[in-house]
1. Determine if region 305-316 includes at least one residue that is open to solvent by 40 Å² or more (accessible area, probe 1.4 Å), modelled with pLDDT of 90 or more and in a loop (DSSP other than H, G, I, E, B).
2. Hey, residue 300 hits all of (1) open to solvent by less than 30 Å² (accessible area, probe 1.4 Å); (2) part of a loop (DSSP other than H, G, I, E, B) but one; which does it fall short on?
3. Considering only region 94-117, how many residues are buried (at least 20 other Cβ atoms within 10 Å of the Cβ) and within 13 Å of residue 184 (Cα to Cα)?
4. Among the listed residues 102, 90, which satisfies the condition of being within 19 Å of residue 183 (Cβ to Cβ), hydrophobic (A, V, I, L, M, F, W, C) and touching a residue at least 40 places away in the same chain (Cβ under 8 Å)?
5. Taking the residues in region 252-277 that are open to solvent by 60 Å² or more (accessible area, probe 1.4 Å) and among the acidic types (Asp, Glu) as candidates, determine which candidate is nearest to residue 205 (Cα to Cα).
6. Does residue 294 satisfy the condition of being surrounded by 22 or more Cβ atoms within 10 Å (Cβ to Cβ) and under 15 Å from residue 216 (Cβ atoms)?
7. Would you list the strands (runs of 3 or more DSSP E) that sit entirely within region 118-189 and hold 2 or more residues that are surrounded by fewer than 15 Cβ atoms within 10 Å (Cβ to Cβ) and touching a residue at least 12 places away in the same chain (Cβ under 8 Å)?
8. Can you tell me which residue in region 218-251 is modelled with the lowest pLDDT, limited to those that are closer than 17 Å to residue 205 by Cα and open to solvent by 60 Å² or more (accessible area, probe 1.4 Å)?
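The values are calculated or read from the model by the stated rules, or taken from the named source; none is laboratory data. Small disclaimer: the values here were computed from a predicted structure and weren't measured. Virtual Cβ from ideal backbone geometry, glycine too; neighbours counted across all protein chains shown. Just the protein is used for accessible areas: all its heavy atoms, side chains included, with ligands, DNA and RNA removed. Shrake-Rupley method; radii C 1.70, N 1.55, O 1.52, S 1.80 Å.
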Amino acid sequence: MNTWRNASLAVTAAALLTLTTACGQENGTSSPNGQAVGNAAPARQPAGSGYGSDTGYGSDTGADASAPKSAGQLAVWDSKKLGKVLTDSAGFTLYRFDKDTADPPKSNCEGDCANAWPVVPADDATAAAGTDAALLGEVTRADGTKQLTVGGWPMYRYAKDTRPGDATGQGVGGTWFASAPDGKKAAVNADGPAGAEPADLAGLSVRKDPELGDIVVDKRGMTVYRFTKDSAWPMKSACTGDCLKKWPVVSPVQKNDVEGVTTKGFTTFDRPDGIRQQSVDCWPIYTYSGDAEPGDTNGQGVGGTWYAVSPDAKLVGVSK
């Protein structure tokens, strides 16, 4: 009986040791002192990167909705960072919202959200030269007005774009993106040529930053961060509530959709708030709402607790 019990305890201990080895290399040791969770403000805050309301709408712009401005003949702008971007006849960037749907077309931006993101009316919009006019359509909003859709996606402008060619709404709240001519998200590839499709990037890959060196980016090319108040063993995120508005979690990524990034401790865990979050080397990972475009690293060092992630899952710029 004792022999069986001892063998059982040995197996249990071995299993625990294996799990600890996989997810406990750094044991979630106490992190440097910093500001309270999510309260830090970036030292380099880009214009137009407002966090928005608690739904990520960007309604902190303080702008009031005015009479909808007609779109006229749409045009296509070649952005060095975003590729081909759809604009109205005046050259203002058109955006799409991840919380909308394209099939069937439906807008989920109302009230304060529509003040920050004025809708594009459908009445006189015509297709940009060289694009498929069949992609243009309309959706009836709750107030009965008709909103332009492209590829089924409702179209918006951004109140903080003040000049033709501005794209300050790109990436706001992790839900707003410039529209490509076909209604998809404008192509983002921080290292590739303009116009490269987002599909060219893996779910997680590596970008060489001129200041930080090799850092991890997500499928959109946005910088990936770690929070020093988290722990890897036990795996736990200390970023909750308002913190998540500024630091959205990285959603689960398939292991075969990773290029150049360690897959050790590459696990997904269910947070207490019900959100599923990806981890690398068992550390939870995030993006930053203050990064407006691929290549931005405005979250680096925020509060002395947030840092970009190296391909081996270490904190960039922190010596240990």
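1. yes
2. Of the numbered conditions (1) open to solvent by less than 30 Å² (accessible area, probe 1.4 Å); (2) part of a loop (DSSP other than H, G, I, E, B), the odd one out for residue 300 is (1).
3. Total meeting the criteria: 5.
4. 102
5. 259
6. Taking the combined requirement at face value, the residue satisfies it.
7. Answer list for region 118-189: none.
8. Checking each candidate, the answer is 219.
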